[in-house]
Amino acid sequence: MSAPAIKAESHVIDGKAVAAAIIENVKQARDQLLSAVAVKPGLAVVIVGEDPASQVYVRNKGLKAEECGFHSVQHTLSADIGEDELLGLIDNLNEDPLIHGILVQLPLPKHINEKLVIAAIDPEKDVDGFHPINVGRLGAGAMEDALVPCTPAGSVILAKQALGQDLSGMEAVIIGRSNIVGKPVAQLLLQENCTVTIAHSRTKDLPGVCRRADILVAAVGRPQMVKADWVKPGACVIDVGINRVDAPEKGEGKTRLVGDVDFADAATVAGSITPVPGGVGPMTIALLMANTVIAAARASGRPDIADGVKNL
Ligand code: NDP
């Protein structure tokens, strides 16, 4: 069955292309760091257990770090590792001068306290931006010191690519209030001078709230929830969701990825929209590389070298 036609003016935002441009910036900053202070950015990724999706994410992060010419290290720990052992590894990585970024792949097994682990990472090496100090810096607008979470930063860059760099005065609605996506997206859009609403599972008349948005960000985890009649005509729709659903049309037992937005439906109304896959997903990994080169530049006393790495 073919998808409904997309309105001629609806513009599909190419996350892969924007991510590739960020990666080019990262490579340039890496070269400058090497020639100015002989520092190669180093990224350590820690994975606990054998969750197949996490393994794919971690492998992709390692490959991208290598493509960027980073020093790239992966620590694969068994699912029954003790919390102390994991905290000990983080201590070692905190002290390792060759490592500028540490990422612990979430979720962690139930017996490990995730908050404790995140808080153990040196905030200057916290390239996921989840440490309470970086959360506070983002909230306080202390961007020169903050490491900003990757998916939210990537989402806002895509909105700016679609709408122009100045988002001042625009109505932004974010569906989802998680610490890792919804809240930091809201903080970033507030810093862009948007008027921000955060919607969640208790929001009344969610479609009506969404229809107010010039920028609608969906970070819910519910496949294809946002329909065309939730979207203000001409709005920019950023779909953060990644959901795997059955795809019997591809064969028995096959699956496919869809977002939180019903793309074919919403694209008939939206002015611009991110696809899934190929929208926010590639941005997340590109921003992780950007954060690593930013952390390396700051640690080397040359923050200026990575200043513009997220600017396109
Ligand atoms: P969480 O489950 O932590 O948060 C989901 C949010 O959506 C909650 O705030 C919840 O509200 C809200 N919500 C749930 N159901 C509804 C509903 N029916 N109506 C309105 N709001 C609702 O998810 P995450 O923020 O971690 O992730 C969101 C999505 O983004 C997922 O699909 C995830 O896979 C994807 N993701 C993608 C990434 C990428 O790289 N592209 C990275 C990270 C996540 P309440 O707080 O009231 O429960």
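Looking only at region 195-226, residues that are over 20 Å from the mean Cα position of the chain (by Cα), within 13 Å of the ligand (Cβ to nearest atom) and charged (D, E, K, R) come to 3 in all. Is it true that Leu188 is of a type in the set (A, V, I, L, M, F, W, C), more than 10 Å from the ligand (Cβ to nearest atom) and touching an Asp or Glu at 6+ places or on another chain (Cβ under 9 Å)? No.
The helices (runs of 4 or more DSSP H) falling completely within region 172-269 include none with 2 or more residues that are touching a Phe, Trp or Tyr at 6+ places or on another chain (Cβ under 6 Å) and surrounded by 23 or more Cβ atoms within 10 Å (Cβ to Cβ). Test Lys160 against the stated conditions and say whether it is buried (at least 20 other Cβ atoms within 10 Å of the Cβ) and more than 16 Å from the ligand (Cβ to nearest atom). Judged against the criteria, Lys160 is not a match. Against the numbered list (1) within 14 Å of the ligand (Cβ to nearest atom); (2) in contact with a His (Cβ under 6 Å, 6 or more places away or on another chain), Ala296 comes up short only at (1). Close contacts from region 248-268, counting a first residue that is assigned by TED's automatic domain parsing to the domain that holds Leu216 and a second that is assigned to a strand (DSSP E or B) and open to solvent by 40 Å² or more (accessible area, probe 1.4 Å), with Cβ to Cβ under 7 Å and a gap of 6+ residues or different chains, come to Lys250/Arg256; Thr255/Arg244; Thr255/Asp246; Leu257/Arg244.
Condition first: more than 16 Å from the ligand (Cβ to nearest atom) and either buried (at least 19 other Cβ atoms within 10 Å of the Cβ) or in contact (Cβ under 8 Å) with a residue 40 or more places away in the chain (or both). Can you find one or more residues in region 273-291 that meet it? No, there is no match, as no residue in region 273-291 is more than 16 Å from the ligand (Cβ to nearest atom) and either buried (at least 19 other Cβ atoms within 10 Å of the Cβ) or in contact (Cβ under 8 Å) with a residue 40 or more places away in the chain (or both). Taking interchain pairs and intrachain pairs at least six residues apart, which have beta carbon atoms under 8 angstrom, with the first residue in region 46-73 and outside the structural domain of Asp91 (by TED's automatic domain parsing) and part of a loop (DSSP other than H, G, I, E, B) and the second surrounded by fewer than 18 Cβ atoms within 10 Å (Cβ to Cβ) and charged (D, E, K, R)? Partner pairs satisfying both residue conditions: none exist. Please tell me if Gly129 is open to solvent by less than 50 Å² (accessible area, probe 1.4 Å), assigned to a loop (DSSP other than H, G, I, E, B) and touching a residue at least 24 places away in the same chain (Cβ under 8 Å). So Gly129 fits the description; yes.
The values are calculated or read from the model by the stated rules, or taken from the named source; none is laboratory data. Please read these numbers as outputs of a predicted model, since none were measured by experiment. With ideal geometry, Cβ positions are generated from the backbone for all residues, glycine too; neighbour counts draw on all protein chains shown. For the accessible areas, the whole protein counts, side chains as well, though only heavy atoms, and no ligand, DNA or RNA atoms are used. Shrake-Rupley method; radii C 1.70, N 1.55, O 1.52, S 1.80 Å.
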